[in-house]
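The values are calculated or read from the model by the stated rules, or taken from the named source; none is laboratory data. These figures come from a predicted structure and were not determined experimentally. Ideal geometry is used to build each Cβ from the backbone, glycine not excepted, and the neighbour counts take in all protein chains shown. Ligands, DNA and RNA are excluded from the accessible area calculation, which covers all protein heavy atoms including side chains. Shrake-Rupley method; radii C 1.70, N 1.55, O 1.52, S 1.80 Å.
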Amino acid sequence: MSGQRGVSRRSLLAGAGAVAAASTVAVGVGSAASASSWWGYSSVVPVVTDESWLYELACLPNLRRVYAANPWTNTSTREPRHTIRVVNAGASRLVGEVNLGAGSAFGLTANQETDMVYAGDQIFTELVYAIDGRTNQVVRTAEVAGQPRGLAVNPVTNKLYVTLTNQGRLAVLDGATLAVEASIEIGLIEPAKVAVNPVTNMVYVSNANRRGSGSSVTVIDGATNTITANVPVDMYALGISVNAADNKIYVSNYTSETLSVIDGRTLNIVGKAYVGGSPTAVEYNAVTKKVYVTNFEQKGAVTVIDDIAHTVTRLRVRPAALGLAVNQKTGAVYSSSQTEGSVFLMNPL
């Protein structure tokens, strides 16, 4: 989730949430399987100690690094923080940082093939940043004529997609040069996050629509940059992720506290799970074949959905769990605590 001023934030705890035993309920059609023995996280690294907040995460498997957006402080003045913190793959130590100059990172994504990280600053500079993961240096920036919020990259075409919520548009950039190649009109429905299926070259945009009903997912053909469909989902669609192998799209609905599952071939809703606790980020793990959802609630939780066994496992983790990243080569899953300023590594399922 990138800089959501409009999202109502509950009073958040400053300490760590207790780890609780997993519970299992049925999701979609099918009988519930027994819960896996999974107890939260195996390691935690404090990334900031100055009361500043962490937002989104990105992962570069080749370099064994995880990047955490650190945009501002948890104060009434919202003082900016101009860095992206870098931790090791074990989430046991801070190994570097990226200096954004006058900018602050809210949204993050990474091309795990080219070792590039992309950041969006929707508040201070309204720029998109390209960062070389090998050097942790900003190599170029781009103006996108709007406030960049959600980012996703197609590793096959090296196209970068950026939602401009205040403009109701999706910008398409060249991942190598950051040249803006297209601007797609989504409409005044607050496009929030974006995900890409590199196999089909289809792009999916979650449309939040805080004002009421009408949340949807916009489907875009990546070859022509044209909208092919809009799929209605539950209230306040936010996080979105793609299972490229099975051609499924997963959407977290913040207000409804549900996860919608869309068939990428028919564009029908083929499943729904109640995940509770203000769901924000969503990531599909191609190694474990499970879906992970951060619950931005008071004590903090991560919900794990097995779309094959039709089960939901909800865990207590760190407070205000927000960012989420998956190493698609090893299956490691990382999340961030916004208020605690930490990055933690999940235990494997």
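Does any residue of the range 185-197 turn out to be under 22 Å from Ala325 (Cβ atoms) and assigned to a loop (DSSP other than H, G, I, E, B)?
The answer is no, given that none of the residues of the range 185-197 is under 22 Å from Ala325 (Cβ atoms) and assigned to a loop (DSSP other than H, G, I, E, B).
Restricted to the range 139-152, and to residues that are out of contact with any helix residue (DSSP H, G or I) (no Cβ under 9 Å at 6 or more places or on another chain) and open to solvent by 20 Å² or more (accessible area, probe 1.4 Å), which residue is farthest from Gly222 (Cα to Cα)?
The selected residue is Val139.
Can you find even one residue in the range 232-241 that is free of Cβ contacts under 8 Å to residues at least 12 places away in the same chain and not in a strand (DSSP E or B)?
no
What residue, among those in the range 153-165 that are β-branched (Val, Ile, Thr) and closer than 14 Å to Asp121 by Cβ, is surrounded by the fewest Cβ atoms within 10 Å (Cβ to Cβ)?
Top of the filtered list is Thr165.
Let me spell it out: the conditions are (1) assigned to a loop (DSSP other than H, G, I, E, B); (2) β-branched (Val, Ile, Thr); (3) in contact (Cβ under 8 Å) with a residue 24 or more places away in the chain, and Thr224 meets all of them except one. Which number is the exception?
(3)
Under 7 Å between Cβ atoms, at least 6 apart or on separate chains: pull out the pairs that start in the range 111-123 with a residue that is among the aromatic types (Phe, Trp, Tyr) and end on any residue that is surrounded by fewer than 24 Cβ atoms within 10 Å (Cβ to Cβ).
From residues that are among the aromatic types (Phe, Trp, Tyr), the pairs are Tyr118/Ala130.
Considering only residues that are of a type in the set (Asp, Glu) and at pLDDT below 95, which ones fall in the range 20-79?
Asp50, Glu51, Glu79
Identify all residues within the range 209-229 that are surrounded by fewer than 20 Cβ atoms within 10 Å (Cβ to Cβ), at pLDDT 95 or above and out of contact with any Asp or Glu (no Cβ under 6 Å at 6 or more places or on another chain); write none if there are none.
If the condition is that a residue be surrounded by fewer than 20 Cβ atoms within 10 Å (Cβ to Cβ), at pLDDT 95 or above and out of contact with any Asp or Glu (no Cβ under 6 Å at 6 or more places or on another chain), then Val219, Asp221, Gly222, Ala223, Thr224, Asn225, Thr226, Ile227, Ala229 are the ones that fit.
This table checks each residue for (1) under 29 Å from Met235 (Cα atoms); (2) part of a strand (DSSP E or B).
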{"position": "Glu97", "(1), (2)": "no, yes"}
{"position": "Ala110", "(1), (2)": "yes, yes"}
{"position": "Val139", "(1), (2)": "no, yes"}
{"position": "Thr157", "(1), (2)": "no, no"}
{"position": "Ala171", "(1), (2)": "yes, yes"}
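Select from the range 166-208 the residues that are open to solvent by less than 30 Å² (accessible area, probe 1.4 Å) and of a type in the set (S, T, N, Q) and write down the one among them that is farthest from Ile131 (Cα to Cα).
The extreme case among them is Asn207.
In the range 245-277, what residues are buried (at least 24 other Cβ atoms within 10 Å of the Cβ), under 19 Å from Gly150 (Cβ atoms) and at pLDDT below 95?
Answer for the range 245-277, where residues must be buried (at least 24 other Cβ atoms within 10 Å of the Cβ), under 19 Å from Gly150 (Cβ atoms) and at pLDDT below 95: just Tyr254.
Out of the range 43-76, which residues are in a strand (DSSP E or B), closer than 11 Å to Asn327 by Cβ and open to solvent by 40 Å² or more (accessible area, probe 1.4 Å)?
Arg65
Let me spell it out: the conditions are (1) open to solvent by less than 40 Å² (accessible area, probe 1.4 Å); (2) under 19 Å from the mean Cα position of the chain (by Cα), and Asn136 meets all of them except one. Which number is the exception?
If we test Asn136 against (1) open to solvent by less than 40 Å² (accessible area, probe 1.4 Å); (2) under 19 Å from the mean Cα position of the chain (by Cα), just (2) comes out false.
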